[in-house]
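The values are calculated or read from the model by the stated rules, or taken from the named source; none is laboratory data. As the structure is a computational prediction, the values presented were derived from the model and not from experiment. Quick reminder, even Gly has a Cβ in these numbers, built from the backbone with ideal geometry, and neighbours come from all protein chains shown.
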Amino acid sequence: MTVIMHQMPREFPPSSPELAPPADPPGVGAFEFSGGALCLDFVNSWGDRARPESDQLKGFTALQGFASQAGLATLPVALSETPAAFATALRLRESLYRIFSSRARGRAASPDDVATLNEVLQEGHAHLRIAASTGGEKKDPGTGTASAAEVPADFPAEVLEVLPAEVPAGFPAARVQAAMLPAKVPADFRWEFAPVPLPTAALWPIARSAADLMTSSEFGRVAQCDGSACTWLFLDQSRTRNRRWCSMQSCGNRAKARRHYHRQKQV
């Protein structure tokens, strides 16, 4: 008797999508973080918009490198999804550039650029969550102490009228306010974006940084480098708010050298 063996069809496991190559370890990379805010550092990844060769974001791998160097948590993503995500990254970056450079020049931001920011914010906020904090501080609503260095010199004298009677006359106003300031205690929780394998995830903290800056008093400190071949933006933290250069070691020194050259030429 002849026995016919029927071979069962071979089953193959579903193929996994090709993943984008991993980024460099956190903190390692060629990007410079000196703008004073994450969103400005992202904008400054293109150093001079008149020179395309100064753009450090050449592709999605470079975007991953920026995120890694900034300490942003990202997960492996499908390579097929990266072109659209990179296009979104460039669109967000240039919208932020126009928003903040307009502010530096005293002009209003374009509604289209704000809409681009809001698109990324809306996507990211769906993944925003509260997590247990590993550090940082918060203001405790109770009483506490603080150093007099935190108190402005022009402390309003009228507050003295509501102080307890036991405060001795002539007690320094700054010391009084310091005693009334809330204490700083370790924060129990913090905001964070949940790690998800989406190629645009690295953009969410950048967009959040921009939104926080735009809605704070620091927005008025956004300035742009005066260098002739530089479009860097930064937070001007100088007391007189007259900082002109992204860095004295680069644009500042080049400007001084040019002035010296022209003076010598006129002699």
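Summary table
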{"quantity": "Pairs where the first residue, in the range 89-102, is within 15 Å of residue 59 (Cα to Cα) and in contact (Cβ under 8 Å) with a residue 12 or more places away in the chain and the second is among the small types (Gly, Ala, Ser) and part of a helix (DSSP H, G or I), C-beta under 8 Å, 6+ apart", "calculated": "92/207"}
{"quantity": "Residues that are in a helix (DSSP H, G or I) and basic (Lys, Arg), drawn from the range 51-96", "calculated": "91, 93"}
{"quantity": "Filtered residues of the range 105-131 (kept if among the small types (Gly, Ala, Ser) and either exposed (fewer than 14 other Cβ atoms within 10 Å of the Cβ) or at pLDDT below 95 (or both))", "calculated": "106, 108, 110, 115, 126, 131"}
{"quantity": "Selection within the range 67-107 - under 18 Å from residue 123 (Cα atoms) and not aliphatic (A, V, I, L, M)", "calculated": "74, 81, 82, 83, 86, 88, 91, 93, 95"}
{"quantity": "Those residues of the range 37-48 which are part of a loop (DSSP other than H, G, I, E, B) and touching a helix residue (DSSP H, G or I) at 6+ places or on another chain (Cβ under 8 Å), in sequence order", "calculated": "37, 45, 47, 48"}
